[in-house]
1. Picking from Asp125, Asp199, Asp189, Asp194, which residue would you name as being among the acidic types (Asp, Glu) and surrounded by 21 or more Cβ atoms within 10 Å (Cβ to Cβ)?
2. Listed residues Val16, Val31; which is at negative phi and touching a Cys at 6+ places or on another chain (Cβ under 6 Å)?
3. Given the options Ser154, Ser150, Ser98, name the one that is under 29 Å from Trp202 (Cα atoms), in contact with a His (Cβ under 9 Å, 6 or more places away or on another chain) and at pLDDT below 95.
4. Taking segment 200-253 on its own, how many of its residues are within 22 Å of Gln20 (Cα to Cα) and of a type in the set (Ser, Thr, Tyr)?
5. Of everything in segment 105-136 that's acidic (Asp, Glu) and over 22 Å from the mean Cα position of the chain (by Cα), which residue is farthest from Ile158 (Cα to Cα)?
6. For segment 11-24, enumerate the residues that are over 13 Å from Ile230 (Cα atoms) and either within 15 Å of ligand 1 (Cβ to nearest atom) or assigned to a loop (DSSP other than H, G, I, E, B) (or both).
7. Would you check which residues across segment 129-150 are within 15 Å of ligand 2 (Cβ to nearest atom) and part of a loop (DSSP other than H, G, I, E, B) and list them?
Amino acid sequence: MEKKVVVMGARGSVPVSGKQYEKYGCATTSVLVRLCGQVIIIDAGSGILSLPGLMRGGEKKAALLLSHPHADHLIGLGMCPKLMEADFRLDIYGAQRSGRSVRRQVAALLSPPLWPVGTDALPADVRYHTLKERLCLGAVTVESTEGVHSGGVSVFRISGEGVSVVYAGDTNLTEEQYARLADFAAGCDLMLCDGQYTDEEWKKRSTFGHSGYLAAARLGRDAGAKRVRIVHHDPFRTDAELDAAAEEVKRIYSRADMAREGEEILL
Ligand SMILES: [Zn+2]
Ligand SMILES: [Zn+2]
């Protein structure tokens, strides 16, 4: 069966636009994982608008793992065309955050006055589930652990058919977190890791809940990840700067690179 990851959006914080972003993309975080016949989406940033073009006729069901409800990870959901289809089912999994269920977190953005259509008015069959530490989606196992981010964040390890993908989307790689995630991601086939900052920016923004891209590459190397893609690019980071960052990252770990929107990775 097909084992594939598609980066639908690699940008962090806010969608951008402009010629300086053509290579690495403008859309915020959303990743498609195909494993064991399951369609699994991680986060619903504006990248999720690419989903219809990546789904096949007859596929009427997907799961969405929500790492956390910050707007850059949810902003695409209200305009996702699949949710306008009455015969499409989306199961959304997310941890309780700030005392709110995942349903209430989504509704905080997708309801008037912030959005014209409330979650209850979507034509699709959308179901909400509290994320557990271990979840089974058909033959796929999803393990989750907590990252270091304002308001909390879930880090996922998705496994099936003998391969595994780790997604550490928004997390600050503090010393303690680094050791824990190296363990959590050990031997994975692909690690997607937050690397929003240069080391200098990271020092200045050490409480912002994001990581430096060099640390992300080191983590992937130390975890023995077969491939690493660094995600959540800073909205001001241009293609030229990301190309330069990719060179630095590869010097640390030749199997690491900066993620590009539209990139398909076969597992
Ligand atoms: Zn984010
Ligand atoms: Zn966030």
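The values are calculated or read from the model by the stated rules, or taken from the named source; none is laboratory data. All figures in this text were calculated on a predicted structure; none of them were measured in a lab. Positions of Cβ are backbone-derived with ideal geometry, glycine not excepted, and every protein chain shown enters the neighbour counts.
1. Values: Asp125 fails: surrounded by 21 or more Cβ atoms within 10 Å (Cβ to Cβ); Asp199 fails: surrounded by 21 or more Cβ atoms within 10 Å (Cβ to Cβ); Asp189 fails: surrounded by 21 or more Cβ atoms within 10 Å (Cβ to Cβ).
Going through Asp125, Asp199, Asp189, Asp194 in turn, the sole match is Asp194.
2. Val16
3. Among Ser154, Ser150, Ser98, only Ser150 is under 29 Å from Trp202 (Cα atoms), in contact with a His (Cβ under 9 Å, 6 or more places away or on another chain) and at pLDDT below 95.
4. Selection size over segment 200-253: 2.
5. In the first step, residues of segment 105-136 are kept if they are acidic (Asp, Glu); the result is 120, 125, 133.
Applying the additional criterion that residues be over 22 Å from the mean Cα position of the chain (by Cα) yields 120, 125.
Values: Asp120: 29, Asp125: 24 Å.
Once the filter is applied, the top-ranked residue is Asp120.
6. Passing the criteria: Ser13, Val14, Pro15, Val16, Ser17, Gly18, Glu22, Lys23.
7. Matches in segment 129-150: Gly147, Val148, His149, Ser150.
Residue-wise test of (1) in contact with a helix residue (DSSP H, G or I) (Cβ under 8 Å, 6 or more places away or on another chain); (2) more than 16 Å from ligand 1 (Cβ to nearest atom); (3) modelled with pLDDT under 95.
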{"residue": "Glu175", "(1), (2), (3)": "no, yes, yes"}
{"residue": "Leu181", "(1), (2), (3)": "yes, yes, no"}
{"residue": "Asp189", "(1), (2), (3)": "no, yes, no"}
{"residue": "Gly195", "(1), (2), (3)": "yes, no, no"}
{"residue": "Gly212", "(1), (2), (3)": "yes, no, no"}
{"residue": "Val231", "(1), (2), (3)": "no, no, no"}
{"residue": "Asp243", "(1), (2), (3)": "no, yes, no"}
